[in-house]
Amino acid sequence: YIQDKIEFPFLVINVGLRYDYLNANAEFRDNPLNPTSIIKVKSRSQFSPRVGIAHPISDRTKLHFAYGHFFQNPEFQFLFENKQYDVNVREPLFGQADLDAQRTIAYEVGVSHQFSDRIAMSLTAYYKDVTGLIGTRYFFPFVDGRYTGYTVYVNEDYANMKGFEINIDIRP
């Protein structure tokens, strides 16, 4: 992660770039019920830019804006759950070592004002787009003359978040 802060009398800019990398270094079955469907996991990486801008309007008021990309690797339980492929349980659940990371694009804008030496307030609005959330998918295949249902973790969910925050700080 690299970051730089650029300061002018009327503007402060924070610029950063983060590099994320994931290599599960594993092999897994594309079909958990087929021992010959072995796949090697490919590594994944992403550059994530971030920028923040603050503009002082007066000695007591400032505007700020932030934009960034974020990359969050899946928890290991989702990658390696039931790695031994035990199907002798009622509803087997299998991890997928090739799950992609959760990716977020976030925006934020706000204003802060200091009313007195004791009281300050900030108003902030934000928006986030999140892709690659982990969910489950159920399969109900017919194998060896019987139905064998199983569940696998998959990247399939999407979310977006919108919000507004009001903070009031009062010092005693």
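Within the bounds of segment 1-8, is there any residue that is surrounded by 13 or more Cβ atoms within 10 Å (Cβ to Cβ) and hydrophobic (A, V, I, L, M, F, W, C)?
The answer is no; no qualifying residue exists.
What is the one condition in (1) part of a strand (DSSP E or B); (2) over 16 Å from Gly132 (Cβ atoms); (3) open to solvent by 40 Å² or more (accessible area, probe 1.4 Å) that Ile105 does not satisfy?
Failing condition for Ile105: (2).
Please count how many residues of segment 65-96 are under 21 Å from Leu33 (Cα atoms), under 17 Å from the mean Cα position of the chain (by Cα) and of a type in the set (A, V, I, L, M, F, W, C).
Summing the residues that are under 21 Å from Leu33 (Cα atoms), under 17 Å from the mean Cα position of the chain (by Cα) and of a type in the set (A, V, I, L, M, F, W, C) in segment 65-96 gives 2.
What's the number of the only condition in (1) exposed (fewer than 14 other Cβ atoms within 10 Å of the Cβ); (2) in contact with a helix residue (DSSP H, G or I) (Cβ under 9 Å, 6 or more places away or on another chain) that Ala24 fails to meet?
(1)
So which of Ala24, Ala54 is small (Gly, Ala, Ser) and either outside any loop (DSSP other than H, G, I, E, B) or more than 21 Å from the chain's Cα centre (by Cα) (or both)?
Going through Ala24, Ala54 in turn, the sole match is Ala54.
Residue by residue, here is whether (1) charged (D, E, K, R); (2) at negative phi; (3) open to solvent by less than 70 Å² (accessible area, probe 1.4 Å); (4) assigned to a loop (DSSP other than H, G, I, E, B) holds:
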| residue | (1), (2), (3), (4) |
| --- | --- |
| Leu79 | no, yes, yes, no |
| Val109 | no, yes, no, no |
| Asp117 | yes, yes, no, yes |
| Leu123 | no, yes, yes, no |
| Val130 | no, yes, yes, no |
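The values are calculated or read from the model by the stated rules, or taken from the named source; none is laboratory data. Bear in mind the structure is a predicted one, so any value in this text is a computation, not a measurement. Positions of Cβ are backbone-derived with ideal geometry, glycine not excepted, and every protein chain shown enters the neighbour counts. Accessible surface areas use protein heavy atoms only, side chains included; no ligands, DNA or RNA. Shrake-Rupley method; radii C 1.70, N 1.55, O 1.52, S 1.80 Å.
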